[in-house]
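Participant: Next up is a structure, given as structure tokens.
What follows draws every value from the coordinates through simple rules; no lab data is involved. Quantities reported herein were computed from a predicted structural model and do not represent experimental measurements. Cβ sites come from the backbone with ideal geometry, for glycine too, and all protein chains shown count toward neighbours.
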Amino acid sequence: MNLEKLKYPIGNVEFPTNISSKQVEGYIKDINAFPQKMIDLVKDLSIESLNQMYRPGGWKIKQVVHHCADSHMNAVIRLKWTLTEDGPTIKPYIEEKWAELADGVSDDISFSLLLLQGIHQKWSLLLDALSAEDLDTFYIHPTEGITFTMKKMLCLYAWHGNHHLAHIRQALKYKGDFSDLA
């Protein structure tokens, strides 16, 4: 296994050219299921396990959990901007720096798990209320120069959750020992 596979264990996000209503339903299902999947995966981990990296130079499991809370909080805000403004340009954040802040390196992941549960409840209410027209609204990501329709955003965040769950499973599998991959 090469380092790129460790970085993207489920592959990089791929956006279908035309996203069907069935695909949207699948994305929403993945987004709704994410908090419980995360909790089930990390709830019994020791501090030693939480401090294992998913790849050399990558984040520790605890940082992945905290990052998901930060990222999904931003996703809900982006969704709300998109639903209430006309094609807003969102404010990006520097994920790597957020992951190094005190809340990003804390061994206590309980508050991020609670945040994920709460933010996903809000997110689910918003997603269930989306109309077909809402799904075609968009925001602009200035750093990446990409226009994200709501359909594309749902694809991204469904992938994002599964991507980071795979990171945690990978960290637990390797237990910080990547010597056989060199």
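Participant: Which log10 I(q)/I(0) values does the chain give at q = 0.08, 0.19 Å⁻¹ under the Debye formula, counting every alpha carbon as one identical point scatterer?
Facilitator: -0.26, -1.34
Participant: Moving on to the next point. Please identify which residues in segment 126-158 have an amide N closer than 20 Å to a label point set 7 Å out from the Cα of Ser21, following the Cα→Cβ vector.
Facilitator: Once the point is set 7 Å along Cα→Cβ of Ser21, 126-138, 149-155 turn out to lie under 20 Å by backbone N, inside segment 126-158.
Participant: Over every pair of different alpha-carbon atoms in segment 1-54, take the mean of 1/r and invert it; report that Kirkwood radius in Å.
Facilitator: Details: mean 1/r = 0.0708 Å⁻¹.
One over the average 1/r among Cα pairs gives 14.1 Å for segment 1-54.
Participant: What is the ratio of the Cα radius of gyration of segment 1-107 to 2.2 N^0.38 Å, with N the residue count, to two decimals? Don't skip to the end; give the middle numbers.
Facilitator: Numbers: Rg = 16.2 Å, N = 107, 2.2 N^0.38 = 13.0 Å.
Rounded to two decimals, the normalised Rg is 1.25.
Participant: Taking springs between alpha-carbon atoms closer than 10 angstrom, which of Asp134, Asp44, Asp108 fluctuates most in the Gaussian network model of the chain?
Facilitator: Highest fluctuation of the listed residues: Asp44.
Participant: Once the dipole of segment 1-129 is set up with Lys and Arg at +1 and Asp and Glu at -1 on Cβ about the Cα centre, which of Tyr8, Met38, Leu126 lies farthest towards its positive end?
Facilitator: About the Cα centre, the residue reaching furthest to the positive side is Tyr8.
Participant: Taking neighbour Cβ counts within 10 Å as the exposure measure, how do Met150, Met53, Met73 sort from fewest upward? Don't skip to the end; give the middle numbers.
Facilitator: Details: Met150 23, Met53 20, Met73 17.
Ranking Met150, Met53, Met73 by Cβ neighbours within 10 Å, fewest first, gives Met73, Met53, Met150.
Participant: Still on this structure: Dipole magnitude of the chain about its Cα centre, charges +1 at Lys/Arg Cβ and -1 at Asp/Glu Cβ only, in debye to the nearest 20? Don't skip to the answer; put the middle values down first.
Facilitator: Working: 19 positive and 23 negative charges, 61 e Å.
Here the size comes out at about 300 debye.
Participant: Mean residue ellipticity at 222 nm from the helices of the chain, using -39,500 (n - 2.57) per DSSP H segment of n ≥ 4 over the full residue count, to the nearest 500 deg cm²/dmol?
Facilitator: On the way: 8 runs with 107 residues, N = 182.
Calculated at 222 nm, the ellipticity per residue is -19000 deg cm²/dmol.
Participant: Let me ask something else about it. Once the cut-off is 19 Å, how many percent of the Cα-Cα pairs in segment 65-125 end up in the long-distance tail? Let's see the in-between values first.
Facilitator: Working: 676 of 1830 pairs.
Across segment 65-125, Cα pairs with separations above 19 Å total 37 percent.
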